[in-house]
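A.B. asks: Below you will find the structure I want to go over with you.
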Amino acid sequence: MQRLFSAFPGGFPGSGLLLLRVVAGTIVALSGGMAIGDAVARLDPIAAVDALAVVSGAALVVGLMTPVAAVCVAAIVLSASSGLLGGAMLPDRFAASLLGADAIAIALIGPGRLSVDARLFAPREVFIPRDRRSPRP
């Protein structure tokens, strides 16, 4: 599982990744949530894609399975902007292409230290204290 993640940077780079994840995930989750209401009212099968947008956007915000969620977000956003999914979710193609590029960048870079993935899969350092009271040989 750790092969999916390239790095878990902290500090300013980790904060930047958190900002990218929150913006991309929130936009996709909210757009999917607004589109799902219209699709359910029309009994449209696109409602499943809108539900996937909500789930993957929320997973991207918290940083859970970030590479998979980011690829799902990119695929949904880019296919919706090209008209394959009706185009109801994100009508602006320029904004959708920027959001898709943002999601691909997140998938390639990794989630950052401020994520659920970092808590689950980041390598940990183990410090073994040196006992100074033990007798020397």
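A.B. asks: Could we say that Gly37 is assigned to a helix (DSSP H, G or I), surrounded by fewer than 16 Cβ atoms within 10 Å (Cβ to Cβ) and not β-branched (Val, Ile, Thr) here?
C.D. replies: Criteria met by Gly37.
A.B. asks: Need pairs with beta-carbon distance below 9 Å; first residue in contact (Cβ under 8 Å) with a residue 40 or more places away in the chain and within segment 97-108, second exposed (fewer than 15 other Cβ atoms within 10 Å of the Cβ) and not in a helix (DSSP H, G or I); sequence gap 6+ or separate chains.
C.D. replies: Taking only residues 6 or more apart or on different chains, the pairs are Leu108/Ser6.
A.B. asks: So which residues in segment 43-53 are among the β-branched types (Val, Ile, Thr) and assigned to a helix (DSSP H, G or I), if there are any at all? Working first, answer last.
C.D. replies: Going residue by residue through segment 43-53, those that are among the β-branched types (Val, Ile, Thr) are 46, 49.
Result: Val49, single match.
Every number in this text was worked out from the coordinates using simple rules, so none of it is lab data. Remember, predicted model here, so these are calculated numbers, not experimental data. Virtual Cβ from ideal backbone geometry, glycine too; neighbours counted across all protein chains shown.
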